[in-house]
1. For region 95-207, what does the equivalent ellipsoid look like in terms of its semi-axes, each the square root of 5 times an eigenvalue of the Cα gyration tensor, given largest first in whole Å?
2. Let me know the whole percent of all Cα-Cα pairs from region 193-237 that are separated by more than 14 Å.
3. Which value does Rg/Rh take for region 1-157 over its C-alpha atoms, Rh per Kirkwood?
4. Taking the alpha-carbon centroid of each part, what is the distance from region 73-89 to region 180-211 in angstrom?
5. Sorting check: for 251-258, 230-237, which peptide has the highest mean count of neighbouring beta carbons within 10 Å, and how do the rest follow?
6. In whole Å and largest first, what semi-axes does the C-alpha gyration tensor of region 34-105 yield when each eigenvalue is scaled by 5 and square-rooted?
7. In whole percent, what relative contact order does region 1-112 give with Cα contacts below 8 Å and a gap of six or more residues?
8. Across 5 Å bins from the origin, how do the percents of Cα pairs in region 2-283 run, short distances first?
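Since every read-out is calculated from the coordinates, none of them should be taken as a lab result. Because the structure is predicted, anything quoted here is derived from the model rather than measured. Cβ sites come from the backbone with ideal geometry, for glycine too, and all protein chains shown count toward neighbours.
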């Protein structure tokens, strides 16, 4: 819960306004995916690694955010924004998204290579949207519960209305379009010491409760592992994935966390707001610990 609580007090109340719909429906694949904290942490880290591979996005993130000075606060704000986007009532989510867009409109500059950029450039927004959708879907697929191809496609399809609100007008609409976009980035993505600085910050920042802190390095390496092979190699991260036993531990953590119903989690509160049982999303789980593609 601390990951989505910038105030370190009570998080936003997702139970209000009573009966008001979110931007996505409770039967969406996204509602099922975003309820899982292990998948969200792994997927969010993977998305950032992919974003940092693009020079303009990397420069914007590193020079115009508080990540280096306040990494936990940055993670919390990002996590809360994701929860409001998926589970928040429309009257809450729409103004928040508009505020983010206004903030992005003030971010501009030049990369170290002298290339001008703006945070509202459409190609950059499409890349950020694609990496976020990929990170969360792939983390859930690999470490929580395998998704069918049609469910993977649904993640990208469901994100379209939200992507457009953020200005990503040509974000991928399917996993095939996501793969095509990733392929089109060959030659544009590049290695940077900032990638390793980011990983060092994440490893040294306490993001989990003390009894679970031993798991944090595994979750970081799990995030590295789901970055596509050629991008990992491009970034110099080729040998930083998980061992077989570590992969099993992460998948066990993902499966167990998918069974924990927290009364104050955004997923549960959103269900209550819509008159659904608190366990609604948890009753819709697929069978846990089915081997993911490529697993022995």
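1. Output for region 95-207: semi-axes of 24, 20, 16 Å.
2. Here the long-distance tail beyond 14 Å is 53 percent of all Cα pairs in region 193-237.
3. Result: Rg/Rh = 0.97.
4. Taking the Cα centre of each part, region 73-89 and region 180-211 sit 20 Å apart.
5. Details: 251-258: 19.5, 230-237: 16.9.
Descending mean neighbour count gives 251-258, 230-237.
6. Working: eigenvalues 88, 57, 25 Å².
Those come to 21, 17, 11 Å.
7. 44 percent
8. For region 2-283, the pair-distance distribution reads 1, 6, 12, 17, 20, 19, 14, 8, 3, 1, 0.
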